[in-house]
1. Please tell me if residue 89 is surrounded by fewer than 10 Cβ atoms within 10 Å (Cβ to Cβ) and either assigned to a strand (DSSP E or B) or touching a residue at least 12 places away in the same chain (Cβ under 8 Å) (or both).
2. Quick check on my filter: what residues within the stretch 32-59 are more than 10 Å from residue 2 (Cβ to Cβ) and loosely packed, with under 14 Cβ neighbours inside 10 Å?
3. Could you run through the stretch 53-65 and say how many residues are more than 16 Å from residue 22 (Cβ to Cβ) and in a helix (DSSP H, G or I)?
4. Considering only residues that are more than 25 Å from residue 93 (Cα to Cα), part of a helix (DSSP H, G or I) and either in contact with a helix residue (DSSP H, G or I) (Cβ under 6 Å, 6 or more places away or on another chain) or touching a residue at least 60 places away in the same chain (Cβ under 8 Å) (or both), which ones fall in the stretch 13-52?
5. Is it true that some residue in the stretch 66-75 is part of a helix (DSSP H, G or I) and loosely packed, with under 11 Cβ neighbours inside 10 Å?
6. So residue 1 clears everything in (1) farther than 17 Å from residue 86 by Cα; (2) at pLDDT 95 or above except one condition, right? Which one?
7. Residues being under 15 Å from the mean Cα position of the chain (by Cα) and under 15 Å from residue 18 (Cβ atoms): count how many of those fall in the stretch 72-102.
8. Sort out which residues of the stretch 20-31 are touching a strand residue (DSSP E or B) at 6+ places or on another chain (Cβ under 8 Å) and surrounded by 16 or more Cβ atoms within 10 Å (Cβ to Cβ), and write them in order of number.
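The values are calculated or read from the model by the stated rules, or taken from the named source; none is laboratory data. On a predicted model such as this, the values are computed, not experimentally measured, just so you know. When we count neighbours, we look across all protein chains shown, and the Cβ atoms used for this are built from the backbone with ideal geometry, even at glycine.
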């Protein structure tokens, strides 16, 4: 498993449009075989900030995700909505393990 946290800061005027595009991407992403989870969270005290919690079954699944049409549409749609470039960090899960036992 590979967990990727993607940090996004959106221009205030684009929050609702960004959310609509992001939710469309998320709905399609969870249909991918290689994605175990795809959570979208919005910061409570600053609604212009979002975190995508992407849980992949393999490193190859991250590559496959970025090759999908829905990802390309999302990436291109939201490019001008960003207040700053998005960043990400990669993590390995410790608990629970892949069998769910911890």
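1. Criteria met by residue 89.
2. Selection gives 33, 37, 39, 41, 43, 44, 45, 46, 47.
3. 6
4. 14, 17, 18, 21
5. yes
6. It is condition (2) that residue 1 fails.
7. Qualifying residue count, the stretch 72-102: 10.
8. Matches in the stretch 20-31: 22, 26, 29.
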